[in-house]
Each structure stands twice: as structure tokens, then as C-alpha cells.
Amino acid sequence: GARPRTYGLLVIAAQLLMGFIASAATYTITVYSNVAVTGKPGVVDSVNKLLTDFPEAAISVSSLKQSNSQPSSTELASTNAFIIYAAGSRSYFDTEGLATNPAKLSALASWITAGGSLILADGADTTNSVASNSFISLINALLGPGQEAGCKAAAFDLTTRIFRRFDPPSVFGFLPVKNFRYQQGDTFSALACRSGLPIYSSNATQKMFSRAAALTWGLGKGAITWTGANILTNPNGPIALVVAAAVIVEPLALPPPPPPPPLRRSPPPSPPPPPPPVRSPPPPPPVRSPPPPPPVRSPPPPPPVRSPPPP
């Protein structure tokens, strides 16, 4: 018989799971509305449109409210998702005084750790000659010392191909567009970060690092998600829909830091110089034989004995 198509069954199961999640859970959402940060009113209307447009599983929202300041700890405790859109003259981090109010920053971090979803949209600042993003300081402060995201504001070149990095059953896998090219008129920015899990990003090349149009960081049971979409100007398209998808929290562990670069092997030590040759002691001087004794001269023979003359 034919082999079962396991992949198709998994997709169907994932879709059923998403439908179950949507029908079994309702979400309370708070949208930040301080125009010093948002630039204009109307963010809540864009968020409502994105929640309605999210495919595969309609997100059931029991409460969608606005707040002109960071909700209190009590208010956060009854909130599933807190959405901050930034396109104004001031950053959320500065407007809320988080640099000088550690208790306020800690309350936000504790809420995320307990399962809250902090969703950040846009934040691109192009007023200076050097591009920046007003959310970088907030992301770093929430991740904590030693876990900073290492993000820099970036941009996509025209026709850069951007890929969705999640598949079902992840909620981000239900974003409708798997890949597309960045075109003239697209209204979203990019970040290049050392940490975080890309949701939509370009491939790295020999000349350029990977750049992300949306990323997420796990923090305890909750998550911080950033998307470069300008949802107030253009609440359409896959990058904007990340705002809606991120309402459903998927706890994500922080990815391990990249391994350190391999240590360059030191060249092997030079072999020790050979020991100096052992010089043999000089041969002893030849033993000279004593000179031969002088020849012993025989005594002269006695004079001949003359016979006496005869008488």
C-alpha cells in the first residue's frame, strides 16, 4: 500500500492545534498610546486590524485597551501582551524613565519572565546621519547584563530576499509568506543582532551579515518580540502580522552564545638545539721510552803477561 504522507498529517495536526489554541484561550492586550513615542494616535486601530487579519487561527481577544504610560505591576499581571509602537521623537525607554527607575524596569522584566509577551514595532530613527533604533536600549536592559542583544540598526538593499525562519507548528510558522524580496516602498526596517531568533531575515553573504526584519528573544516563560514594521503607516504584510502572531507566547530559550573562535594553534616549538658534540679527551701524550742506557764498555783487556826472560 501507499506510505502515509507524514508531513501532510503534521501540518493538519498543527493547524488543528492552532485552532484549538485560538478557541480555548482568550487574550488581554494593552497598546501603548503615548504620542511622544508613537508619533501619532491610532495604533490600537492598526493592532485590531492585524489581529483580525492573522491567518489560520483567529486570535480571541477579550480586552484590547490603551495605556498612556507603562501599566503598573497589577495591570501587567492581567495582561497577556503589551504592544509598543515607536515612530515619535522620544524612545519608550527615555519617556518612561527606565534608566533611573530600576523598579519600573524590573516590573516589566518580571512580567515577561512570568509569561508575558512584549511586542515592539518599528523604532527606526533616521533623523540623524547614523541610523539607530530606539528599542535597542530597552531590549538590552530587559535581557540583562551580560545578555545584551548586540543589535545595530540596519536596512535592506533593494531586491534582497527575506525568508521566514519558522515553520508550523510554531505560531510564527503560520505567517502567510515564506519568502519575498524587499522592494521600493516597503515600510519596515531591519536590525543586525548577535542574539535573538530571527522570524524574518535575509541570508548572510560574503559582504554582509544577516539582517532581520523581525526577531524574538525568550525570557523565562515569556518573550520579547521586535518587528521592523511601521504598523501605523502600513498595517499589512507579513512583517506587520508578526505583531499579531507574537500575542501567542511560545517560550523560547535564549540561544547559546556563539562558540568562541577557534584558538589559533601556536607553531610547534622549535626543537632544542642538538647538544654540543662530546669531545673525546685528547689522547695522552705518547709515553716516550727512556733512552737506552749507554753501552757498557768492556774494560780494556789486561796487558799481556810477559814471560820472564829465561835465566
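The values are calculated or read from the model by the stated rules, or taken from the named source; none is laboratory data. Source: prediction; values computed, not measured. Don't worry about glycine lacking a Cβ; one is built from the backbone with ideal geometry, like all the others, and counts go over all protein chains shown.
Tabulated results
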{"item": "Lone qualifier among PRO267, PRO261, PRO235 - being at pLDDT below 95 and closer than 26 Å to GLY144 by Cβ", "result": "PRO261"}
{"item": "Single condition THR160 does not satisfy, out of (1) closer than 20 Å to ALA86 by Cα; (2) at pLDDT below 95; (3) buried (at least 16 other Cβ atoms within 10 Å of the Cβ); (4) touching a strand residue (DSSP E or B) at 6+ places or on another chain (Cβ under 6 Å)", "result": "(1)"}
{"item": "Checking VAL31 against (1) within 26 Å of SER195 (Cβ to Cβ); (2) among the hydrophobic types (A, V, I, L, M, F, W, C); (3) at pLDDT 95 or above, the condition it does not meet", "result": "(1)"}
{"item": "Considering residues of segment 27-63 that are assigned to a strand (DSSP E or B) and in contact with a Phe, Trp or Tyr (Cβ under 9 Å, 6 or more places away or on another chain) only, the residue nearest to ASN236 (Cα to Cα)", "result": "VAL31"}
{"item": "Test result for GLY115, farther than 21 Å from SER89 by Cα, out of contact with any Asp or Glu (no Cβ under 6 Å at 6 or more places or on another chain) and at pLDDT below 95", "result": "no"}
{"item": "Segment 182-199 - residue that is out of contact with any Leu (no Cβ under 8 Å at 6 or more places or on another chain) and farther than 20 Å from ASN140 by Cβ and, of those, surrounded by the fewest Cβ atoms within 10 Å (Cβ to Cβ)", "result": "GLY185"}
{"item": "Per-region count, segment 35-54, residues polar (S, T, N, Q), surrounded by 14 or more Cβ atoms within 10 Å (Cβ to Cβ) and without any contact (Cβ under 8 Å) to a residue 60 or more places away in the chain", "result": "1"}
{"item": "Per-region count, segment 98-135, residues within 18 Å of SER67 (Cβ to Cβ) and in contact with a Lys or Arg (Cβ under 7 Å, 6 or more places away or on another chain)", "result": "1"}
{"item": "Pairs with Cβ under 8 Å, 6+ apart, first in segment 61-77 and among the hydroxyl-bearing types (Ser, Thr, Tyr), second outside any helix (DSSP H, G or I) and loosely packed, with under 14 Cβ neighbours inside 10 Å", "result": "SER62/THR26"}
{"item": "Extreme residue, farthest from the chain's Cα centre (by Cα), among residues of segment 202-218 that are more than 15 Å from ASP122 (Cα to Cα) and assigned to a strand (DSSP E or B)", "result": "SER202"}
{"item": "The listed residue being more than 18 Å from VAL247 (Cα to Cα), at pLDDT 95 or above and in contact with a helix residue (DSSP H, G or I) (Cβ under 9 Å, 6 or more places away or on another chain), out of GLY42, GLY97", "result": "GLY97"}
{"item": "Residue in segment 245-256 that is in a helix (DSSP H, G or I) and at pLDDT 95 or above present", "result": "yes"}
{"item": "Looking only at segment 169-181, and only at residues there that are surrounded by fewer than 19 Cβ atoms within 10 Å (Cβ to Cβ) and among the hydrophobic types (A, V, I, L, M, F, W, C), the one that is nearest to THR126 (Cα to Cα)", "result": "PHE180"}
{"item": "Boolean, ILE136 is surrounded by 20 or more Cβ atoms within 10 Å (Cβ to Cβ), out of contact with any Cys (no Cβ under 9 Å at 6 or more places or on another chain) and not polar (S, T, N, Q)", "result": "no"}
{"item": "Hits in segment 219-236 - residues which are buried (at least 19 other Cβ atoms within 10 Å of the Cβ) and either over 23 Å from the mean Cα position of the chain (by Cα) or not hydroxyl-bearing (Ser, Thr, Tyr) (or both)", "result": "LEU219, GLY222, ALA223, ILE224, TRP226, GLY228, ALA229, ASN230, ILE231, LEU232, PRO235"}
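Residue by residue, here is whether (1) hydroxyl-bearing (Ser, Thr, Tyr); (2) assigned to a strand (DSSP E or B); (3) free of Cβ contacts under 8 Å to residues at least 40 places away in the same chain holds:
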{"site": "LEU105", "(1), (2), (3)": "no, no, yes"}
{"site": "ILE112", "(1), (2), (3)": "no, no, no"}
{"site": "LEU120", "(1), (2), (3)": "no, yes, no"}
{"site": "THR127", "(1), (2), (3)": "yes, no, yes"}
{"site": "VAL130", "(1), (2), (3)": "no, no, yes"}
{"site": "GLY146", "(1), (2), (3)": "no, no, yes"}
{"site": "ALA153", "(1), (2), (3)": "no, yes, yes"}
{"site": "ASP167", "(1), (2), (3)": "no, no, yes"}
